[in-house]
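The values are calculated or read from the model by the stated rules, or taken from the named source; none is laboratory data. Every value quoted in this text rests on a predicted model; they were computed, and no experiment measured them. Cβ: placed from backbone, ideal geometry, glycine included. Neighbour counts: every protein chain shown. Ligands, DNA and RNA are stripped out before the accessible areas are found, and what is left, the full protein with its side chains, is counted by its heavy atoms. Shrake-Rupley method; radii C 1.70, N 1.55, O 1.52, S 1.80 Å.
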Amino acid sequence: MQGATVKADRHSPTGYTVTFVYRNPDATQVRLAGDLTVLDVNTGTTRYQPEEWQPGRYHSGGTEFLRDMTRDPKGNWSVSVPLHAGGLSYWYRVWDPTQGWENKRIWDPASTNPRPPGESSFRVRNNDVLDAVHVPYAKKQNDPVLRERADYELPIADRTKRGSVTYVPYTTILGDSGHYLGVYLPANYDANRAQPYKVAYLAHGIFGDETDFMVPANVPNILDNMTAKGEIEPTVVVTMGNHFTGTSLGFASYNQTNAANNLVQTILPLIERSYNVSTERSGRAYAGFSYGGMTGGVVIKNYPTTFAFYGHFSGNPSLTTQDYDTIANAVGDEDLSVFLGNGVFEGNLNAQNAIAANFRARGYAAATTQVPGAHDGMTAGQLFTIFARDHLWSGVDSVAVTPATVHLTKGWDWARQFTAQVTTNEGVSPAVTWSVQGATSTGTTISADGLLSVAATETASSLTVMATSVLDPTKSRSAQVTLTPAGTARAVVKAKAAPASVVRGGTFELTVDVRAQSPHRKAPKVTGEVAVTFGGTTQVVALRDGAAVVKLPTDGLSAGVYPVHVAYSGDQVHAPTAGVHQQLRIR
């Protein structure tokens, strides 16, 4: 089978072996090549062959992996190597006299990755193309980083949840035609959706092009998986080739000022006319790898109000103190988020941390991080995952909590259920985390589903219950719980179920009566509520004239005897008394 075939292999150090097959009967020599040697995080620059993989070693660029492939009688060239989890960069080097190829670097012709048509791609012209093979995670790899890479970088299994990638021809700001924009549209993209899609514009490194983020960096797979998980709202991605200054293949063909102007003045208007994407800065992100990350500094300096999110992957913006002040004056009180990172084999984060500190000093969000990798597209993909998941738009608009206020009397173990209403964009997870603040007793807790338990020993006069969005911790809402002491008067609680025995699936009807101990007719009416616990479920019911009727369904319970427990909350006049127990039988 032509292309890259991944198979589980218990003899492989990673648990998987990949067999590469390239068909070319006219070739005289073929080599598998790629960013497939491994670096060890403990030894730094020491490189190992794929067969020498062990935990703590990662496939990394910087030194080209080369392995001779073997030809069979039909002209199929093949080789097998063990590889660890994730999307990994490879290519072939081919000697074919019929095409004039000598050590020609080519994409895998069996690859399903879309490409710009013809030979216009800068990487093709520069003999510098990259493809990607996707390897699952095996437990024997024993590495949470690799497990996460597999979760995001492998194609999502459900094909209906995969987005699409196309390459759209356009003319640059200099009037050069024959160039292409890569456009990723999320699954079920709707050109008529009422809310425009958020959009990320991604720029490649010095010798890259519009294919870099689409193929070796695995951005389409990453967003497919992230969207399916509900971690980000469906997002459009646009990639561009920035080599359109002159005709050379050298550094001068990528001019950062031209690239920034082309992006804002030509690409943005074209994309916003052609696709249902945001025209607001809050719905736009810019990110770049290496030279593309450096170009981001030109973009934010020259167009400070165009993008609200910036990602600089292995390439830092060059900004002066005056630049930071000018950007801050232009952005003002609007949101601005800056993310910087690199691979651990590229050096420390001192420069990135200093840049982040300059933005934070002016009141803007900024973060830095490192991933296990070198200066290559695989590192760009890992950094994009963190950037998109943790720093881009979450799609969470607001959080509300019900009930907003609760009044309880001290001195009893109380349970109160809270619910969160999270307003999100389509496909975005509404999950929240619950917390309770102000408690003095370790027995006062709140469960993962919002059930507050207040301990009888709780001495605080108030508690704050907080629901916080999992995807966007900046979105939260609180509810207030007031705890007041009960008075000195006592109350008697009586409860009786009728019947006391029902057939499984039936319902008990429990009548609760709470009376002041004093039989005097002027004794104040008992107020508050009762908590009735039966079969593992607690219902909180308000008293009306000191009484309540509570339905106790038996659905899901097996035959047997179950206690019913009734607790009175008390009020500012009456103190709680002991709970009442009754045994109810299910036949």
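Name the helices (runs of 4 or more DSSP H) wholly within segment 120-231 that hold at least 3 residues that are under 19 Å from the mean Cα position of the chain (by Cα) and at pLDDT 95 or above?
Of the helices (runs of 4 or more DSSP H) lying wholly inside segment 120-231, those with at least 3 residues that are under 19 Å from the mean Cα position of the chain (by Cα) and at pLDDT 95 or above span 144-153, 219-228.
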- Task: Just give me the residues in segment 519-539 being over 21 Å from GLY411 (Cα atoms) and modelled with pLDDT under 85, in sequence order.
- Result: PRO519, HIS520, ARG521, LYS522, ALA523
- Message: Pairs please, first residue from segment 123-142 and open to solvent by 50 Å² or more (accessible area, probe 1.4 Å), second anywhere and assigned to a loop (DSSP other than H, G, I, E, B) and β-branched (Val, Ile, Thr), Cβ atoms under 8 Å, 6+ apart in sequence or on different chains.
- Response: LYS140/THR14
- Task: Only residues in segment 217-234 that are free of Cβ contacts under 8 Å to residues at least 40 places away in the same chain count as the first member; pair them with residues that are part of a helix (DSSP H, G or I) and of a type in the set (Lys, Arg), Cβ under 6 angstrom, at least 6 apart or cross-chain, and list the lot.
- Result: none
- Message: Let me spell it out: the conditions are (1) free of Cβ contacts under 8 Å to residues at least 24 places away in the same chain; (2) part of a strand (DSSP E or B); (3) in contact with an Asp or Glu (Cβ under 9 Å, 6 or more places away or on another chain), and GLN421 meets all of them except one. Which number is the exception?
- Response: (3)
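So that you can scan it fast, the table gives a plain yes or no per residue for (1) touching a Gly at 6+ places or on another chain (Cβ under 9 Å); (2) assigned to a strand (DSSP E or B); (3) open to solvent by 10 Å² or more (accessible area, probe 1.4 Å):
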{"residue": "MET1", "(1), (2), (3)": "no, no, yes"}
{"residue": "SER12", "(1), (2), (3)": "no, no, no"}
{"residue": "THR17", "(1), (2), (3)": "no, yes, yes"}
{"residue": "ASP26", "(1), (2), (3)": "yes, no, yes"}
{"residue": "PRO55", "(1), (2), (3)": "no, no, yes"}
{"residue": "GLY61", "(1), (2), (3)": "yes, no, no"}
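Let's see how each residue does on (1) surrounded by fewer than 14 Cβ atoms within 10 Å (Cβ to Cβ); (2) out of contact with any helix residue (DSSP H, G or I) (no Cβ under 9 Å at 6 or more places or on another chain); (3) not in a loop (DSSP other than H, G, I, E, B):
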| site | (1), (2), (3) |
| --- | --- |
| GLY44 | yes, no, no |
| GLU51 | yes, yes, yes |
| TYR58 | no, no, yes |
| ARG67 | no, no, yes |
| LYS74 | yes, yes, no |
| SER78 | no, yes, yes |
| VAL81 | no, no, yes |
| GLY87 | no, no, yes |
| TYR92 | no, yes, yes |
- Task: Looking only at segment 394-402, decide whether some residue is in a loop (DSSP other than H, G, I, E, B) and buried (at least 20 other Cβ atoms within 10 Å of the Cβ).
- Result: yes
- Note on the structure: Of those in segment 536-561 that are among the small types (Gly, Ala, Ser), open to solvent by 30 Å² or more (accessible area, probe 1.4 Å) and assigned to a strand (DSSP E or B), the residue nearest to PHE418 (Cα to Cα) is ALA542
- Would you check if ALA448 is at pLDDT 90 or above and part of a loop (DSSP other than H, G, I, E, B)? yes
- Taking segment 467-518 as the region of interest, how many residues are among the polar types (S, T, N, Q), open to solvent by 70 Å² or more (accessible area, probe 1.4 Å), under 25 Å from VAL573 (Cβ atoms) and at pLDDT below 85? 2
- Message: For the structure I just gave you, tell me whether THR533 is closer than 21 Å to LEU483 by Cβ and either assigned to a loop (DSSP other than H, G, I, E, B) or among the β-branched types (Val, Ile, Thr) (or both).
- Response: yes
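Per-residue answers, yes or no, for (1) in contact with a strand residue (DSSP E or B) (Cβ under 8 Å, 6 or more places away or on another chain); (2) open to solvent by less than 30 Å² (accessible area, probe 1.4 Å):
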| position | (1), (2) |
| --- | --- |
| ALA191 | no, no |
| ALA200 | yes, yes |
| PHE207 | no, no |
| MET214 | yes, yes |
| ASP224 | no, yes |
- Message: Quick check on segment 236-272: of everything there that is outside any helix (DSSP H, G or I) and modelled with pLDDT of 95 or more, which residue is nearest to PRO186 (Cα to Cα)?
- Response: VAL236
- Message: So for segment 288-306 (the condition being in a strand (DSSP E or B) and surrounded by 14 or more Cβ atoms within 10 Å (Cβ to Cβ)), does at least one residue qualify?
- Response: yes
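Is there a residue in segment 270-279 that is open to solvent by 30 Å² or more (accessible area, probe 1.4 Å) and more than 14 Å from VAL236 (Cβ to Cβ)?
Within segment 270-279, not a single residue is open to solvent by 30 Å² or more (accessible area, probe 1.4 Å) and more than 14 Å from VAL236 (Cβ to Cβ).
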